[in-house]
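Here is the structure we will look at, set down as C-alpha cells.
What follows draws every value from the coordinates through simple rules; no lab data is involved. Model, not experiment: these values are computed from the prediction.
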Amino acid sequence: MSRFLSPVRRGSDARARHRHRKRVPQAWTDDIVRAADVVVTMGCGDACPILPDKRYVDWELDDPAGKGVETVRPIRDDIERCVRALLEELDVPATS
C-alpha cells in the first residue's frame, strides 16, 4: 500500500478534505519511528523501518489506490475504526 494518500482518498468527502488540507504525506524516517509510541503499518512489509523496542501494529486494509470514491469510503471508515480502537486501547481521548 502506498505511504501517500491517493487523490480519491483525499477527496472522498468534504469533511476528510477539510481535515487533511494542511497535511502533507511523508515517507517514514528512523527519527519519525523513534519518536512514535506505536508504529502502525498498513501492509508496507519490509519497506517500513523496523527498530527494536517499538510496538508495531499492522492493519490489513484494502489498498485504495486506483479505486473510486464509493469503494474508498468504506476503507476510510475502516481506518477510522482502527484509529479509534487504538486510541481507546492507549487510553487517549478521541476527538470528533
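Around the amide H of residue 41, modelled in the peptide plane, lie the amide H atoms of 57, 58, 59, all under 5 Å away and 5 or more residues distant in sequence or on another chain. Converting phi to 3J(HN,Hα) with the Karplus coefficients 6.51, -1.76 and 1.60 and the offset θ = phi - 60°, segment 60-70 yields 7, 10, 5, 7, x, 4, x, 9, x, 4, 5 Hz in sequence order, with x at every glycine or proline. Shown in residue order for segment 36-41 are the 3J(HN,Hα) couplings computed by the Karplus curve 6.51 cos²θ - 1.76 cosθ + 1.60 at θ = phi - 60°: 7, 7, 9, 9, 9, 10 Hz (x for Gly and Pro).
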